[in-house]
Amino acid sequence: MEERIIRLPELMMFHQITEVWNESIACFSMDSSMKNISKVPPVLADMFSFILVEEGTARYVLNYKEYTVQSGDLLLFSPSMLVSLVNSSDDFKSRNLMCERSLFEHMLSSNPAYQTYSYYFCRTDTPVVRLERKMQEALRKCMEQIRLSIVDCNVYQKEIIQCLMHACMLLVLEVIEERVSALPQSPGRTETLFHDFISLVVAHYKQEHYINYYAGQLSVSTTYLSRVIRRQTGKTAAYFLTGMLYAEACRLLVRTDYTAQQIAEELNFSDQSAFGKFFKSKAGVSPQHYRQKRANGEKWENENRQAEDFCVIE
């Protein structure tokens, strides 16, 4: 595997991991016996990951910065991170929970409590969190329940996994809340403005696709808001707006039987043609082609496009 963007199904196939649900969620233990563990070049993994270190030590390079982790550390990876496992001790063992990008972003957008997750990464670039023993054990047990639920197919498997994912997310948020509380109590004007922008996007992205609306709600100019977003994150407003729209469009195509016209209406596009044009600019294929390929478990040429390559909606 050369350095590039990689999706969850491809990564699991590379490491021969079987604890995968619906090509969207994977939960498994990792140690020195894992297939191809010594062949992990830098990749932009197009997914969100929680990695709980249980034993030993390891060295990761995250966005060109090296971190040495040990038992009790929790690593939080997002799709924008360049990740590489440099080496690990012979006794290294971790518990990994990975979630496909569009599903996780839908979770972030559908529950106001999850906004703290995005806010944390807007105010710090530290992806490694030290856990107290009680929290280590709680997360370990929750991840193990998710793994077992993936392996044990039953009538209510989907609902069980969703509930357990929610519980796991709340545990992680509890840790993050403590770190956010430890940050300076009076964030600057630009940090506050960006946080308010994200809150508005989560609430209104389906109906309001343009920065003009958010700037108006925040009583600032579009130029100033764009500058603040770029300064805080290195990304554009379109990254957040179109990213949320694209993630939700993918979810609706895969998880529902809505027609392209119905999805266009749900996401407030002017018509089906406008939605199709937007979606193809992101996925490289039409909505219908995307749905068909996902249903068949196939991949397409533009599947691994740069994660940040968002376009402005026309």
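Taking every residue in segment 77-90 that is β-branched (Val, Ile, Thr) and pairing it with any residue that is not in a loop (DSSP other than H, G, I, E, B), at least 6 positions away or on another chain, the pairs with Cβ-Cβ distances below 7 Å are Val83/Val43; Val83/Ala45; Val83/Tyr60; Val83/Leu62; Val83/Phe77; Val86/Arg59; Val86/Tyr60; Val86/Val61.
Does Val53 satisfy being of a type outside the set (Asp, Glu), closer than 22 Å to Ala138 by Cβ and at pLDDT 85 or above? Yes: the conditions hold for Val53. Tell me yes or no: at least one residue of segment 115-128 is modelled with pLDDT of 85 or more, open to solvent by less than 40 Å² (accessible area, probe 1.4 Å) and not acidic (Asp, Glu). The answer is yes, given that some residue of segment 115-128 is modelled with pLDDT of 85 or more, open to solvent by less than 40 Å² (accessible area, probe 1.4 Å) and not acidic (Asp, Glu). Across segment 227-239, the number of residues qualifying as assigned to a helix (DSSP H, G or I) and closer than 16 Å to Glu191 by Cα comes to 8. Do the conditions hold for Leu97, that is, is it in contact with a Cys (Cβ under 6 Å, 6 or more places away or on another chain), at pLDDT 90 or above and within 22 Å of Cys142 (Cβ to Cβ)? When the stated conditions are applied, Leu97 passes them. Of all residues in segment 48-76, none that is farther than 17 Å from Ser32 by Cα has its Cβ atom under 7 Å from the Cβ atom of a residue that is of a type in the set (Asp, Glu) and loosely packed, with under 14 Cβ neighbours inside 10 Å, 6 or more apart or on another chain.
Candidates in segment 194-210 are the residues that are open to solvent by 30 Å² or more (accessible area, probe 1.4 Å) and not in a loop (DSSP other than H, G, I, E, B); of these, the one that is farthest from Tyr120 (Cα to Cα) is His204. A single member of Ser89, Ser102, Ser94, Ser149 is surrounded by fewer than 21 Cβ atoms within 10 Å (Cβ to Cβ) and not hydrophobic (A, V, I, L, M, F, W, C), and it is Ser89. Residues in segment 226-257 that are among the hydroxyl-bearing types (Ser, Thr, Tyr) and farther than 16 Å from His289 by Cβ: Ser226, Thr233, Thr236, Tyr239, Thr242, Thr256.
Within segment 170-193, restricting attention to residues that are out of contact with any Leu (no Cβ under 9 Å at 6 or more places or on another chain) and crowded, with 18+ Cβ neighbours inside 10 Å, the residue that is modelled with the lowest pLDDT is Glu191. Within segment 31-40, does at least one residue satisfy the condition of being modelled with pLDDT of 85 or more and either touching a strand residue (DSSP E or B) at 6+ places or on another chain (Cβ under 8 Å) or over 25 Å from Glu132 (Cβ atoms) (or both)? Scanning segment 31-40, I find at least one residue that is modelled with pLDDT of 85 or more and either touching a strand residue (DSSP E or B) at 6+ places or on another chain (Cβ under 8 Å) or over 25 Å from Glu132 (Cβ atoms) (or both), so the answer is yes.
The values are calculated or read from the model by the stated rules, or taken from the named source; none is laboratory data. Remember, it's a predicted structure, so these values are computed and weren't measured experimentally. Ideal geometry is used to build each Cβ from the backbone, glycine not excepted, and the neighbour counts take in all protein chains shown. Just the protein is used for accessible areas: all its heavy atoms, side chains included, with ligands, DNA and RNA removed. Shrake-Rupley method; radii C 1.70, N 1.55, O 1.52, S 1.80 Å.
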